[in-house]
Amino acid sequence: MEPAERFLLDKLAYLQCAMGLLGSVLLRLLRSCYGRYASPGSAFRVPARAAWALQELPSLAVPLWVCTVTAAERLRRAPNRILLAMFLVHYAQR
């Protein structure tokens, strides 16, 4: 792995940890207004199926977008293709 790629992956891992910590703190301080905790008078209500599809859409769209934009060099290796195919089939099935 190249040093620049390793540096980027390290920074993204730290960002994910920081966002997880921030999210857990905010969810403890703020009242949840979705799902079973939503009040009947909530101003913005989304049907459960639509909310679920919207939530899962990035998990399917981002890998597809990366495959179209990224050079085919990463997909030349069989393990990468197999893992990507398994991931996409999993989310497309859902």
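The values are calculated or read from the model by the stated rules, or taken from the named source; none is laboratory data. Note that the structure is a prediction, hence the values are computed from the model and not measured. Please note: Cβ atoms are built from the backbone with ideal geometry, for glycine as well, and neighbour counts cover all protein chains shown.
So which residues in region 72-85 are assigned to a helix (DSSP H, G or I) and loosely packed, with under 10 Cβ neighbours inside 10 Å?
Ala72, Glu73, Ala78, Pro79
Got at least one residue in region 50-61 being surrounded by 10 or more Cβ atoms within 10 Å (Cβ to Cβ), modelled with pLDDT under 85 and touching a Gly at 6+ places or on another chain (Cβ under 9 Å)?
So far as region 50-61 goes, yes, one or more of its residues are surrounded by 10 or more Cβ atoms within 10 Å (Cβ to Cβ), modelled with pLDDT under 85 and touching a Gly at 6+ places or on another chain (Cβ under 9 Å).
All but one of (1) modelled with pLDDT under 80; (2) in a helix (DSSP H, G or I); (3) of a type outside the set (Asp, Glu) hold for Met19, so report the exception by its number.
Condition (1) is where Met19 drops out.
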